[in-house]
Amino acid sequence: MGSSTTEVIHRRFASADGPGNSGEVTFSQSAVETVYLGKTAAGALHQEICRASSHRVVMIASKTLATATTCISGLQQALGDRYAGTFASIPAHSPLDSIIEAVRYVRHCQADLLVAVGGGSVIDAAKIVTLCLERDLDAIEDLLALRIGGQTPDRDYPSTRARLQLIAIPTTLSGAEFSDVAAATDHERRQKIGFKHRALAPRAIILDPAMSLHTPMRLWLSTGVRAMDHAIETLASVRSNSFCDALAESALRALATALPACSRDPESFSARLECLRAEWQAMIALSGGIPMGLSHAVGHALGGSFGVGHGLTSCIAAPAVLAFNQDFDAGKQHRIRTALGNKRRPAAESLDRLIRSMDLPRTLGEVGLAAADIPRITEAVLRDPWFHTNPRPLSSADEVSQFLSTLL
């Protein structure tokens, strides 16, 4: 692909190659129009703002990127007199109150284009900002009505792209930029909530390895494990299909090699570029509607209720979920363990070894949680929709609690 513009079509799967169907697959495009892989962020951004004829560009970025690196100032220089401001107050897990603050700031700046620079929290927050501006919302209570499972059904979302277009420049491997789902944290209810609509996806995505050089290595590697988790739970899903499985297998194979390479040489441009390419592949199935499983349900619970980074949640949960599902989906696990580099070793063991080799946490205790937290985690897992789509079904709170106990 080099550094040229690459058009990408995401596909929503109305049916899949699972048991009991014909194997037919229906496709529809998401709102993502362009993905730049390997092109400099400044060059790609200049190309996009010219294409959009934008004159007042606002950036949403993490505080660290804005104050402790030259990433944002470099993009600001590239924007020239089209730069209108930067909002740099989005904490981890996208709290709703900070999103409303961002909405007011962007509205005050009279922005005609929004650029999100950062990890999943920043990008998800920016997606929700576009929704708020489209609906002219200014209060958390009004926003909550639009959440998945809220009072306002999906058909009442904007039927076309939100009026303020979004460009995403990720600095982690979370994959939020490829999704038309955005997650935020409702601190009052102490839970993660989601928003979903085709128009939430960015118009353009810029994957520049240089933008990730300031990302803490622990964060880069752990979100890389999260990308592996996307691929693993696609391959394990009973509702996936041959198209998605092929992409997921390619992504998993690449990440199993490129992530350790980044760990050994943090400045390796080629390894970071390969991680970004593989993360893109891993997200296509998820963006297309293939449901994830128990690892993602646990991740949402740990992130929304306890503030654990989503990358770290996959480090803790993904190997254990593979072990839990092992006897139920042995055929699928053969493909997973092959992609992880060892056909004979159990997939759970291979993934565990890889995570430990990068000095990432593997237990709840390593992120400050204990047995006393299991009931609250269980309650949050039971509320998550992907609890119901794990390959090996769980039917009770006791089963969930017993599984979570293996993570201590």
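Which residues, taken from the range 46-74, are in a helix (DSSP H, G or I) and in contact (Cβ under 8 Å) with a residue 60 or more places away in the chain? Spell out the reasoning first.
Of the residues in the range 46-74, the ones in a helix (DSSP H, G or I) are 46-52, 63-68, 71-74.
If the condition is that a residue be in a helix (DSSP H, G or I) and in contact (Cβ under 8 Å) with a residue 60 or more places away in the chain, then GLU48, ILE49, ALA52, THR64, LEU65, ALA68, CYS71 are the ones that fit.
What residue, among those in the range 270-279 that are more than 20 Å from ALA236 (Cβ to Cβ) and of a type outside the set (Gly, Ala, Ser), is surrounded by the most Cβ atoms within 10 Å (Cβ to Cβ)? Lay out the reasoning, then the answer.
Start the filter on the range 270-279 by keeping residues that are more than 20 Å from ALA236 (Cβ to Cβ), which leaves 270-277.
Add one more test, that the residue is of a type outside the set (Gly, Ala, Ser), and what stays is 272-277.
Working: ARG272: 27, LEU273: 19, GLU274: 19, CYS275: 29, LEU276: 23, ARG277: 20.
This residue is CYS275.
For a quick check of your reading of the model, give me the residue pairs whose first member lies in the range 240-261 and is over 18 Å from GLY331 (Cα atoms) and at pLDDT 95 or above, whose second is of a type in the set (Gly, Ala, Ser) and not in a helix (DSSP H, G or I), with beta-carbon atoms closer than 7 Å and at least 6 apart or on different chains.
What qualifies is ALA256/GLY341; ALA261/SER268.
Select from the range 223-258 the residues that are outside any helix (DSSP H, G or I) and not aliphatic (A, V, I, L, M) and write down the one among them that is surrounded by the fewest Cβ atoms within 10 Å (Cβ to Cβ). I'd like the intermediate steps shown before the answer.
Looking only at the range 223-258, we keep the residues that are outside any helix (DSSP H, G or I), and these are 237-241.
Then drop every residue that is not not aliphatic (A, V, I, L, M), which leaves 237, 239-241.
Details: SER237: 26, ARG239: 19, SER240: 23, ASN241: 21.
Checking each candidate, the answer is ARG239.
Sort out which residues of the range 290-308 are touching a Leu at 6+ places or on another chain (Cβ under 7 Å) and within 19 Å of LEU221 (Cα to Cα), and write them in order of number.
Across the range 290-308, the qualifying residue is only VAL308.
Out of the residues in the range 78-109 that are over 21 Å from ASP124 (Cα atoms) and without any contact (Cβ under 8 Å) to a residue 24 or more places away in the chain, which is surrounded by the fewest Cβ atoms within 10 Å (Cβ to Cβ)?
Going through the qualifying residues, I end up with ASP81.
Taking the condition assigned by TED's automatic domain parsing to the domain that holds VAL298, more than 19 Å from THR234 (Cα to Cα), among the basic types (Lys, Arg) and surrounded by fewer than 14 Cβ atoms within 10 Å (Cβ to Cβ), does ARG383 pass? Even if it seems obvious, please write down each step before you answer.
Working: assigned by TED's automatic domain parsing to the domain that holds VAL298: yes; more than 19 Å from THR234 (Cα to Cα): yes; among the basic types (Lys, Arg): yes; surrounded by fewer than 14 Cβ atoms within 10 Å (Cβ to Cβ): no.
It is false that ARG383 is assigned by TED's automatic domain parsing to the domain that holds VAL298, more than 19 Å from THR234 (Cα to Cα), among the basic types (Lys, Arg) and surrounded by fewer than 14 Cβ atoms within 10 Å (Cβ to Cβ).
Return yes or no: is ILE355 among the β-branched types (Val, Ile, Thr) and within 26 Å of PRO260 (Cα to Cα)?
Values: among the β-branched types (Val, Ile, Thr): yes; within 26 Å of PRO260 (Cα to Cα): yes.
The answer is yes for ILE355.
Exactly one condition in (1) modelled with pLDDT of 90 or more; (2) not in a helix (DSSP H, G or I) is false for CYS132; which is it?
(2)
Being among the polar types (S, T, N, Q) and part of a helix (DSSP H, G or I) is the filter; apply it to the range 175-222 and report the residue that is nearest to THR40 (Cα to Cα). Before you say what the answer is, go through the steps one by one.
In the first step, residues of the range 175-222 are kept if they are among the polar types (S, T, N, Q); the result is 179, 185, 191, 212, 215, 222.
Of the ones still in play, those that are also part of a helix (DSSP H, G or I) are 212, 222.
On the way: SER212: 12, SER222: 24 Å.
Looking at the filtered set, the residue picked out is SER212.
Could you check ILE169 against (1) at pLDDT below 90; (2) within 23 Å of ALA282 (Cα to Cα); (3) among the β-branched types (Val, Ile, Thr) and say which number it fails?
(1)
Inside the range 355-408, can you point out the residues that are polar (S, T, N, Q) and closer than 19 Å to ASP229 by Cα? Break it down into steps so the answer makes sense when it comes.
Restricting attention to the range 355-408, the residues satisfying the condition of being polar (S, T, N, Q) are 357, 363, 378, 389-390, 395-396, 401-402, 405-406.
Matches in the range 355-408: SER357, THR363, THR389, ASN390, THR406.
The values are calculated or read from the model by the stated rules, or taken from the named source; none is laboratory data. Here the structure is a predicted model, which means the values were calculated and not measured. When we count neighbours, we look across all protein chains shown, and the Cβ atoms used for this are built from the backbone with ideal geometry, even at glycine.
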